[in-house]
Each structure stands twice: as structure tokens, then as C-alpha cells.
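Heads up, the thing below is written out as C-alpha cells.
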Amino acid sequence: MLQLPIKGKSGEEKKTLLQYRSKAEFYICACLNMNNSTNVKRTPAGLLYTRRWNNMQYVSNGLLLLTAYSEHLHSTNQTLNCHASSVGSHEILSFVKSQADYILGANPMGVSYLVGVEPSYPKRVHHRGASTVSYRDSKVFVGCMQGYHSWLGRQAPNPNVLVGALVGGPDLNDEFRDRRTNFAQTEACTYNTASLVGVFAKLNALHEAGKK
């Protein structure tokens, strides 16, 4: 939306497109804590925080927006003018990296919220396929209610590792309880992980470029 062409558009169309851009830039400044009053909350350790239930969906989607906008600023040799100050592509990407580091384990809990990455990650993801033993191994049929009664409340780690899943993440105080029944924090969603693909692709490209 930040790069939508306005050339050749009518006055009303230009006005609408510029409103989209203004709102997106306001949100970006809010993530960077650079608005005059309204900014996105952060945990004490600095993670963007929107709500208790599956907060990581807002983090990962916000990071994708910041990453794309940073690329736009770099390619057009521009800066973003927030209320506090102007910021460039490098500053935005530095913030993106700090959030990615938090997700991958640089946080007070020492937990990677991306399952299967780093030694410590959520072992009791709220996910039926991950928390139920396979029929191939057990030869026991597991229906809907059996899944609840036999597997949901178990204290043991999941029998299957849901590699690459981004769980809901910590609460407002950077605290995380790895329990299957704590679905506000341990549920994994595709729209959590999907946005991180673009973010990690950009960070990896920068890393590879730095090695040359």
C-alpha cells in the first residue's frame, strides 16, 4: 500500500491512497516508539505487545510490514518522518532484527518461540497433530473426545515436533507457560509463521551479503 501508484489517479483516488499510506506510516512509527503519544506497547524486554491471546501474530505481521517498508525506503533513498525524528532503512531493519532475536531465544525465558529452533523451545504446543501419537506407532484409533481426554492434559512433551511453528508467545511481562491447555500462549497458527518467511529471507540475504 505504501508503493501504490497515484500518478494518473483522480483527486478522490489519490486522497484515499494517501490515507492508506499515512495510516501505515503511523503504525510503523508506533512500532518504533516514535509517535507523540500512541505507540505499540512493549514487554519489559522489548517485544511488541498487542494482546494476550496469540500476540506473536501481531509481531510477525508487523515485522513483515517494517521489513517491506525498509526495502522501499532503501530503494527510493528516502527516510520516514515520525513525530520524534526521522528514521532510515537501517534503523528499521535493526529493530526488526532485535524482534527476530527475541523470537529465536534472546529473551528473559531463554526460549525460542519458533518450535524446533534452538535447544529450548515449546515442547507442549497446542496442536492436535503434534500432541497426539500417530496411528502408525500406536495402532489405536483416536477420536475427537479421546484426543481431549487422552492427550490434551498430558504433562509429557508432544510426541511430534511441529518444526517451524511460531506459537502465541509470552505475556506482557515476558513470561511463558509451556502447557498444552495454555492455548493463548502455546497455540501455533500458520499466519504466525507465514510472515516470518519474508522477514527471515531479508535478514538472511543481508547476512549472506555481509560475508562477501
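The values are calculated or read from the model by the stated rules, or taken from the named source; none is laboratory data. Only a predicted model underlies this, so the values are computations on that prediction, with no experimental measurement involved. No Cβ is skipped: glycine too gets one built from the backbone with ideal geometry, and neighbour counts run over all protein chains shown.
Please note which helices (runs of 4 or more DSSP H) are completely contained in the range 24-141 and include at least 2 residues that are at pLDDT 95 or above and more than 17 Å from D171 (Cβ to Cβ). Don't jump to the end; show me each part of the working.
Working: elements: 56-76, 89-103, 128-131, 135-138.
Per the criteria, 56-76, 89-103.
How many of the residues making up the range 18-59 are touching a His at 6+ places or on another chain (Cβ under 6 Å) and buried (at least 17 other Cβ atoms within 10 Å of the Cβ)?
1
Does Q57 satisfy the criteria of being in contact (Cβ under 8 Å) with a residue 60 or more places away in the chain and not hydrophobic (A, V, I, L, M, F, W, C)?
yes
Can S60 be described as out of contact with any Pro (no Cβ under 8 Å at 6 or more places or on another chain), more than 22 Å from C189 (Cα to Cα) and of a type in the set (S, T, N, Q)? Lay out the reasoning, then the answer.
On the way: out of contact with any Pro (no Cβ under 8 Å at 6 or more places or on another chain): yes; more than 22 Å from C189 (Cα to Cα): no; of a type in the set (S, T, N, Q): yes.
No.
Looking only at the range 33-55, count how many residues are more than 15 Å from the chain's Cα centre (by Cα) and either under 17 Å from V96 (Cβ atoms) or polar (S, T, N, Q) (or both).
Here the count works out to 8.
Could you grab me the full set of residues in the range 170-194 that are within 15 Å of Y102 (Cβ to Cβ) and either touching a Leu at 6+ places or on another chain (Cβ under 6 Å) or modelled with pLDDT under 95 (or both)?
Hit for the range 170-194 is N192, nothing else.
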